[in-house]
Amino acid sequence: MVAALEIRNLHANVEGSPILKGVNLTIKQGETHALMGPNGSGKSTLANVLMGNPAYEVTGGQIIFDGVDILDLEPDVRSRLGLFLAFQYPVAIPGVTLANFLRSAINARRRDQNPDDKGISIPEFRRLLVDKMQYLEISQDFAGRYLNDGFSGGEKKRAEILQMAVLQPKIAVLDETDSGLDIDALRIVASGVNRLVGPSLGVLVITHYKRILDYIQPQHVHILMDGRIVESGGPELTDVLETSGYKPFFEKYGLVPTED
Ligand code: ADP
Ligand code: MG
């Protein structure tokens, strides 16, 4: 059965202020969606709420993943169910190598399915990792570095894509995977995502700029303004952004631009 992430009339507060004001969105395995919107519209808030960041207070609505209401589930449980979030600002974990981090994540999942599981063997893990790194054209020595510690913007994003390849989620949410990337890094990251996209993976690409959508082509595009999806359509929805930015959307919906 095809898994779906269904966001239903979702409301959320940040520090007491309403930021999400009724978001409705369904993403199925095999589909690529883009969520676009100006700064401050609530894009990262939505990503954080999806993953269960406790700093974000859900005040209404539902998030159904693969038929299960996940709102009361901890982030690690959501992850083990097959939901993946690539953060806009990944945290560094000095002392933990990328390889060890990935191995722990795999083992947590295996133990979830079978409490007696002894964990993936080192040779088996190495084969898996080497295989994924070759596929994504990531250099081998990358796995031995401490997670995100001193990584460039492009390296952090690449580490996230590698995590996605190893964890094989059903639905992945990529928040501003393009921010801070030069064009070469952007191409590498986008080609990594494109290699992973397929019938068993659904992707929500969250972005302010149209740029990454030249490389990752979504079938569905949604515009988020002031905590609500105001328009949904195909890639043509982004055409106006090229020339006029979000101005026409602010005007059409009677909203006041905050930053842009
Ligand atoms: P976007 O990702 O679309 O730029 P955000 O979801 O980051 O938007 O922010 C939406 C609004 O919520 C902004 O007004 C922002 O200032 C506020 N906000 C987001 N996260 C926090 C936070 N951790 N603390 C305080 N305010 C926040
Ligand atoms: Mg953001």
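The values are calculated or read from the model by the stated rules, or taken from the named source; none is laboratory data. All of these numbers come straight from a predicted model, not from anything done at the bench. Here the Cβ is made from the backbone with ideal geometry for all residues, glycine too, and neighbour counts use every protein chain on show.
Structure values in brief
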item: Index of the failed condition, K156 passing every other in (1) within 20 Å of N48 (Cβ to Cβ); (2) within 16 Å of ligand 1 (Cβ to nearest atom); result: (2)
item: Test: residue in the range 196-215 that is closer than 28 Å to A12 by Cβ, away from ligand 2 (no atom under 16 Å from the Cβ) and polar (S, T, N, Q); result: no
item: Filtered residues of the range 69-82 (kept if in contact with a helix residue (DSSP H, G or I) (Cβ under 7 Å, 6 or more places away or on another chain) and among the hydrophobic types (A, V, I, L, M, F, W, C)); result: I70
item: Flag for L25 being within 14 Å of ligand 1 (Cβ to nearest atom), more than 29 Å from N114 (Cα to Cα) and either touching a residue at least 24 places away in the same chain (Cβ under 8 Å) or in contact with a Phe, Trp or Tyr (Cβ under 8 Å, 6 or more places away or on another chain) (or both); result: no
item: Leading residue by the ranking (nearest to the chain's Cα centre (by Cα)) among those in the range 146-183 that are over 28 Å from A4 (Cβ atoms) and among the hydrophobic types (A, V, I, L, M, F, W, C); result: L181
item: Selection count where residues are within 16 Å of ligand 2 (Cβ to nearest atom) and more than 18 Å from K170 (Cβ to Cβ), scope the range 50-63; result: 3
item: Some residue of the range 186-205 being within 16 Å of ligand 1 (Cβ to nearest atom), in contact with a Gly (Cβ under 9 Å, 6 or more places away or on another chain) and not aliphatic (A, V, I, L, M); result: no
item: Residue within the range 195-207 that is within 23 Å of G30 (Cβ to Cβ) and without any contact (Cβ under 8 Å) to a residue 24 or more places away in the chain present; result: no
item: Candidates V77, V68, V14 - the one that is near ligand 1 (Cβ under 9 Å from one of its atoms), under 30 Å from A105 (Cα atoms) and aliphatic (A, V, I, L, M); result: V14
item: Selection status of N39, touching a Ser or Thr at 6+ places or on another chain (Cβ under 8 Å) and under 28 Å from G245 (Cβ atoms); result: yes
item: Pairs, first acidic (D, E) in the range 65-83, second part of a loop (DSSP other than H, G, I, E, B), C-beta under 7 Å, six or more apart; result: D66/A3; D66/G82; D66/K170; E74/G52
item: Unmet criterion (only one of (1) surrounded by fewer than 19 Cβ atoms within 10 Å (Cβ to Cβ); (2) touching a helix residue (DSSP H, G or I) at 6+ places or on another chain (Cβ under 7 Å); (3) not polar (S, T, N, Q)) for G192; result: (1)
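Per-residue answers, yes or no, for (1) surrounded by 15 or more Cβ atoms within 10 Å (Cβ to Cβ); (2) modelled with pLDDT under 90; (3) of a type outside the set (K, R):
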residue: A86; (1), (2), (3): yes, yes, yes
residue: P94; (1), (2), (3): no, yes, yes
residue: N114; (1), (2), (3): no, no, yes
residue: D131; (1), (2), (3): no, no, yes
residue: L147; (1), (2), (3): yes, yes, yes
residue: K157; (1), (2), (3): yes, yes, no
residue: V166; (1), (2), (3): yes, no, yes
residue: E176; (1), (2), (3): yes, yes, yes
